[in-house]
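The values are calculated or read from the model by the stated rules, or taken from the named source; none is laboratory data. Being a predicted model, the structure only gives us computed values, none of them experimental. Note that we place each Cβ from the backbone using ideal geometry, even for glycine, and neighbour counts take in every protein chain shown. Side chains included, ligands, DNA and RNA excluded: accessible areas come from the protein's heavy atoms. Shrake-Rupley method; radii C 1.70, N 1.55, O 1.52, S 1.80 Å.
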Amino acid sequence: MKLSTPSSTLTRLANTTAYAVGDLVADHATAGSVTVPTLAVGKVGGRHYYIPRIRLTTDKTSGMGAINFTLRIWSSTPTYTNGDNGAWAVATNGNALLEEYTNNGFVQSADGAVAIFTPKVGEGVSFYLAGTQTTIAWDLEIESSLTPASAQVLTAIAEVYEVS
């Protein structure tokens, strides 16, 4: 199996409006304007992949220790009924959900924080990217109350194994 560690970032809005449990963390307050981040998991389509863990880093320098998220990966980009800080609710492509991952807090440091996300159920997801598809989408739903940093950057780094 070949291992790769693709990454991509989500930069949230330039405000510090507190999140409630179940809110979408996104780059735009308007549902139709949310840009869903993607991970380049392969160089060619027509392959099987496996993702057992995902790391999430942030540049927020305090207050992340007890914060939990659900990080979802999708075979095609979902759309939402709300934007950032609204209730997480998928409008389209809900059938493209591949897996849900969760964390148990972050390790906080003076220059940011990091968390390891593992599957909510099982040991990860195996999936097939057909044709020329080489990317998957990811999103975040907050499971804790959080006052974010303005323009906080969150970076997902997936542990991707090409299995065939």
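So the values come out like this:
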{"read-out": "Number of the condition not met by residue 134 [criteria: (1) closer than 14 Å to residue 25 by Cβ; (2) surrounded by fewer than 19 Cβ atoms within 10 Å (Cβ to Cβ)]", "value": "(1)"}
{"read-out": "Selection within region 59-70 - open to solvent by less than 50 Å² (accessible area, probe 1.4 Å), over 22 Å from residue 135 (Cβ atoms) and not basic (Lys, Arg)", "value": "64, 65, 67, 68"}
{"read-out": "Test for residue 67: is it under 20 Å from residue 97 (Cβ atoms), out of contact with any Gly (no Cβ under 6 Å at 6 or more places or on another chain) and modelled with pLDDT of 95 or more", "value": "no"}
{"read-out": "Residue 155 of a type in the set (Ser, Thr, Tyr) and open to solvent by 60 Å² or more (accessible area, probe 1.4 Å)", "value": "no"}
{"read-out": "Filtered residues of region 16-57 (kept if under 12 Å from the mean Cα position of the chain (by Cα) and open to solvent by less than 70 Å² (accessible area, probe 1.4 Å))", "value": "24, 25, 26, 36, 37, 38, 39, 54, 56, 57"}
{"read-out": "Selection count where residues are farther than 22 Å from residue 121 by Cβ, outside any loop (DSSP other than H, G, I, E, B) and either touching a residue at least 60 places away in the same chain (Cβ under 8 Å) or hydroxyl-bearing (Ser, Thr, Tyr) (or both), scope region 26-58", "value": "7"}
{"read-out": "Odd one out for residue 148 among (1) in contact (Cβ under 8 Å) with a residue 60 or more places away in the chain; (2) of a type outside the set (Phe, Trp, Tyr); (3) part of a loop (DSSP other than H, G, I, E, B); (4) open to solvent by 10 Å² or more (accessible area, probe 1.4 Å)", "value": "(4)"}
{"read-out": "Filter result for residue 129 (under 17 Å from the mean Cα position of the chain (by Cα) and buried (at least 17 other Cβ atoms within 10 Å of the Cβ))", "value": "no"}
{"read-out": "Residues located in region 71-108, provided they are open to solvent by less than 50 Å² (accessible area, probe 1.4 Å) and part of a strand (DSSP E or B)", "value": "71, 72, 73, 74, 80, 90, 98, 99, 101, 102"}
